[in-house]
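Asker: Let me give you the structure first, and then I'll get to my questions.
The values are calculated or read from the model by the stated rules, or taken from the named source; none is laboratory data. All values reported here derive from a predicted model rather than from experimental measurement. Quick reminder, even Gly has a Cβ in these numbers, built from the backbone with ideal geometry, and neighbours come from all protein chains shown. Just so you know, the surface numbers come from the protein's heavy atoms only, side chains and all, with ligands and any DNA or RNA stripped out. Shrake-Rupley method; radii C 1.70, N 1.55, O 1.52, S 1.80 Å.
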Amino acid sequence: SIVFQFDVGSIDTRNEDRDNHLKSADFFDIANNPTIDFRSTNITKNGDDYKVTGDLTIKGVTKPVTFDVEFGGKGVNPWGVEVYGFEAE
């Protein structure tokens, strides 16, 4: 399973005015909805790639979505822990 949470306050488009507008009630309303959440409901493997379906919640509204996920490889971090890289669209 996959579960992740984004801190919407961390938005950085390199344009402070745009960032503040995105954080406002016009868009993400971070005062009332500080995170974007995802919880997978199904993961299907196709070779080294995956289809990950789950529930995405933005501003209190939850909808099912499917991401195409590509396996980028694995390695060992500086602390000796094996890590894996993925890219999702």
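Asker: Taking segment 1-58 on its own, how many of its residues are among the hydrophobic types (A, V, I, L, M, F, W, C), outside any loop (DSSP other than H, G, I, E, B) and open to solvent by 80 Å² or more (accessible area, probe 1.4 Å)? It would help to see each step written out before you state the result.
Answerer: First pass over segment 1-58, keeping only residues among the hydrophobic types (A, V, I, L, M, F, W, C): 2-4, 6, 8, 11, 22, 25, 27-28, 30-31, 36, 38, 43, 52, 56, 58.
Next, from what is left, pick out any that are outside any loop (DSSP other than H, G, I, E, B): 3-4, 6, 8, 22, 36, 38, 43, 52, 56, 58.
Checking which are open to solvent by 80 Å² or more (accessible area, probe 1.4 Å) leaves us with 3, 6.
Total meeting the criteria: 2.
Asker: Moving on. Given the conditions (1) in contact (Cβ under 8 Å) with a residue 40 or more places away in the chain; (2) open to solvent by 80 Å² or more (accessible area, probe 1.4 Å); (3) part of a strand (DSSP E or B), and given that Lys63 satisfies all but one, which numbered condition is not satisfied?
Answerer: Failed condition: (1).
Asker: Which residue pairs have Cβ atoms under 9 Å apart, sit 6 or more places apart or on different chains, and have a first residue in segment 26-49 that is touching a residue at least 40 places away in the same chain (Cβ under 8 Å) and a second that is part of a strand (DSSP E or B) and open to solvent by 90 Å² or more (accessible area, probe 1.4 Å)?
Answerer: Matching pairs, first to second residue: Ile43/Lys51.
Asker: What number of residues within segment 67-89 are out of contact with any Gly (no Cβ under 8 Å at 6 or more places or on another chain) and open to solvent by 60 Å² or more (accessible area, probe 1.4 Å)?
Answerer: 8
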